[in-house]
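Just below is one structure, and these are the notes that go with it.
The values are calculated or read from the model by the stated rules, or taken from the named source; none is laboratory data. Owing to the predicted nature of the structure, the values given are computational and were not obtained by experimental measurement. Reconstructed Cβ throughout: ideal geometry from the backbone, glycine too, with neighbour counts over all protein chains shown.
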Amino acid sequence: MRASQSSDAARKKRVVGNWKMNGSLAANAELLRACSASVEAWAGAGVEVSVCVPFPYLAQARELLSGSAVRWGAQDASVHASGAYTGEVSAQMIAEFGASFVIVGHSERRAHHSETSALVAGKAAAVLAAAMTPIICLGETLEEREIDMTEAVIAGQLSVCVEVLGLDALAHCVIAYEPVWAIGTGRTATPEQVQAVHGFLRTRLGRAGAGISLLYGGSVKPSNAAELFAMPDVDGGLIGGASLKIEDFEPICRAFG
Ligand code: 13P
């Protein structure tokens with residue numbers, strides 16, 4: 001692994017935009033330029049800001065963000081290195097565009113593409129092998145929370161990552177807790193609910209826990225970011241809808257106390 005990898009993954013304040021399947025060349029140019037223009041203030045406050053864009057826009061992100069403090073990444077990668085996998089994109093291809101991060105295991109991929117925790121862990125391994133940092137998403141459904149299965153679900157998803165990657169490699173990853181019921185619903189988990197899961201995750205990560213960034217994702221907005229980011233085990237956020245408008249994304253990036 002390259003030396004910079006541990007600093008990419010090290011515990012720090014982070015805000016990561018997940019654009020999902022949104023954007024156009026024209027709209028992105030405006031948003032990326034606005035992100036890049038505001039970044040000095042964020043970087044000065046010790047916050048690392050990144051955006052994870054759809055694959056076709058990686059070249060545009062590289063062009064418009066190179067030289068700024070905003071980093072960029074993708075939202076998925078193939079578990080395979082190369083070959084007859086029509087439609088797939090390898091981690092190495094993503095790395096060629098200067099990407100630092102790849103989101104893996106987002107609940108939308110687990111739900112719509114039947115991704116298992118074993119596949120997600122394999123994808124994280126592929127991202128690490130390409131010298132980038134995986135942002136591994138975990139989270140429970142509303143039904144699982146209501147029957148008090150949150151910790152069991154999170155522990156199950158995490159344990160597969162520990163088995164496949166090992167704790168040493170996991171220490172080079174970022175983990176995002178995204179309760180499925182809070183994504184795109186406007187229904188945010190309370191700071192106490194988030195802290196409870198993050199504290200649980202950090203403990204379960206054992207010796208790797210202290211150095212890992214744990215992000216929260218799910219309806220983060222300018223109005224709730226500060227109280228979420230104030231929790232002791234919350235190192236920042238993975239932001240969906242609010243990352244698409246600079247008027248929302250910028251205040252979230254400034255929301256650390
Ligand atoms: P929203 O912020 O739109 O709820 O999405 C969260 C998310 O899924 C980030 O990965």
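For residues in the stretch 197-212 being touching a residue at least 60 places away in the same chain (Cβ under 8 Å) and surrounded by fewer than 18 Cβ atoms within 10 Å (Cβ to Cβ), which is farthest from the ligand (Cβ to nearest atom)? For the stretch 197-212, the residue satisfying everything is ALA210.
Go through the stretch 235-248 and give me each residue that's away from the ligand (no atom under 14 Å from the Cβ) and either part of a helix (DSSP H, G or I) or closer than 18 Å to ARG187 by Cα (or both). Correct list: ILE246, GLU247.
Taken together, LEU215, LEU228 contain a single residue that is under 24 Å from LYS245 (Cβ atoms), within 13 Å of the ligand (Cβ to nearest atom) and in a helix (DSSP H, G or I), which is LEU228. Among the conditions (1) more than 15 Å from ALA131 (Cβ to Cβ); (2) within 16 Å of the ligand (Cβ to nearest atom), the only one that GLY87 does not satisfy is (2). Kindly indicate whether any position in the stretch 88-98 is out of contact with any helix residue (DSSP H, G or I) (no Cβ under 7 Å at 6 or more places or on another chain), among the small types (Gly, Ala, Ser) and not in a loop (DSSP other than H, G, I, E, B). Taking every residue of the stretch 88-98 in turn, at least one turns out to be out of contact with any helix residue (DSSP H, G or I) (no Cβ under 7 Å at 6 or more places or on another chain), among the small types (Gly, Ala, Ser) and not in a loop (DSSP other than H, G, I, E, B). Using beta carbons and a limit of 6 Å, which pairs, at least six apart or on different chains, have the first residue in the stretch 215-228 and under 14 Å from VAL180 (Cα atoms) and the second one more than 11 Å from the ligand (Cβ to nearest atom)? Sorted first by the residue in the stretch 215-228, then by its partner, the pairs are TYR216/VAL194; TYR216/LEU228; TYR216/VAL234. For GLY184, the requirement of being at pLDDT 95 or above, within 24 Å of GLU143 (Cβ to Cβ) and not aliphatic (A, V, I, L, M) is not met. Screening the stretch 153-196 for residues that are surrounded by fewer than 16 Cβ atoms within 10 Å (Cβ to Cβ), within 16 Å of the ligand (Cβ to nearest atom) and in contact (Cβ under 8 Å) with a residue 24 or more places away in the chain and picking the one that is nearest to the chain's Cα centre (by Cα) gives GLY184. Scanning the stretch 99-123 for residues that are within 16 Å of the ligand (Cβ to nearest atom), touching a helix residue (DSSP H, G or I) at 6+ places or on another chain (Cβ under 6 Å) and aliphatic (A, V, I, L, M) gives VAL102, VAL104.
Okay, residues lined up against (1) closer than 21 Å to SER50 by Cα; (2) among the aromatic types (Phe, Trp, Tyr); (3) surrounded by 18 or more Cβ atoms within 10 Å (Cβ to Cβ); (4) free of Cβ contacts under 8 Å to residues at least 60 places away in the same chain:
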site	(1), (2), (3), (4)
PHE97	yes, yes, yes, yes
ARG110	no, no, yes, yes
GLU115	no, no, yes, yes
LYS123	yes, no, yes, yes
